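Okay, so here's the structure we're looking at.
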Amino acid sequence: MAAVLGRTEVGVKEFGTTVTIPNDPRARLMYYMDCICNVMDMGATPNITKLRNYRLYNLLTEAETDALVSLCFLLSPDELNDKVIIQDDTLCGESNNAFFEISAVRHNLLMTNSIVIGGQQCAVSKIMVYKRQWILKNWVEPMKAYAGRLERIATGGAALQQRNRSVPSYQSIPRPQHDLERSNKGGRCCSCTLL
């Protein structure tokens, strides 16, 4: 005869530090990216490391700035809200954002007539809570500043066009040029490489 007993313990621990962000849209987006990377455990991704270092925002090349704007668009608050980031003024306290580590430890105990075996399964998840003003300052306003760049990236244009207008929604972003060429050739595209 054998029996399996188990229980789960859940713990919440706040982590993070207070930082000062340069008042530059690129630095603000880099800080946003740093926060998202912290909660999504993307810390060791070498291609993103430079895009997160908001203190050295002025060292980004044009291509790296394009990559930053594109990543911030893909990892928008609309995509991540209520998954890894949550708007909650109360949990933020005096700060504009706060980080929490949530851990669940499952204790399993297998008992037989002559042996007891114990084990643990651990799952750790991180979330960031924020106040509305944090998202406005670190994502909405910087993305507005780069709306022209985002449009240029989406259309595959080469000229840098910085216009101060609203951030386009996903549906309103123009299709890449190769998609337009493909639709004009009956669905086949012979002038682009798809990765």
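Which of the lysines could a cross-linker bridge to Lys126, judged by Cα under 26 Å and excluding same-chain residues fewer than eight apart?
Partners found: Lys13, Lys50, Lys83, Lys137.
What is the distance, in nm, between label points placed 7 Å from the Cα along the Cα-to-Cβ direction at Ala63 and at Thr45?
Taking the two extended label points, one gets 1.9 nm.
Give me the net charge for the shell around Glu101: Cβ to Cβ below 12 angstrom, other residues only, Lys and Arg +1, Asp and Glu -1.
Computed value for this residue: 0.
I need the calculated FRET efficiency for the pair Glu79 and Arg7, taking r as the beta carbon distance and R₀ as 30 Å, to the nearest 0.05.
It comes out at approximately 0.30.
What order do you get for Arg152, Arg28 when you list them from fewest to most C-beta neighbours inside 10 Å?
Arg152, Arg28
Using a 10 Å cut-off on Cβ atoms, rank the peptides 48-61, 133-146, 13-26, 77-90 from the highest mean neighbour count down.
Answer by packing, highest mean first, reads 133-146, 48-61, 77-90, 13-26.
Every read-out reported here was derived from the displayed coordinates using simple, explicitly stated rules and does not represent laboratory data. For clarity, every value in this text was computed on a predicted model and none was experimentally measured. When we count neighbours, we look across all protein chains shown, and the Cβ atoms used for this are built from the backbone with ideal geometry, even at glycine.
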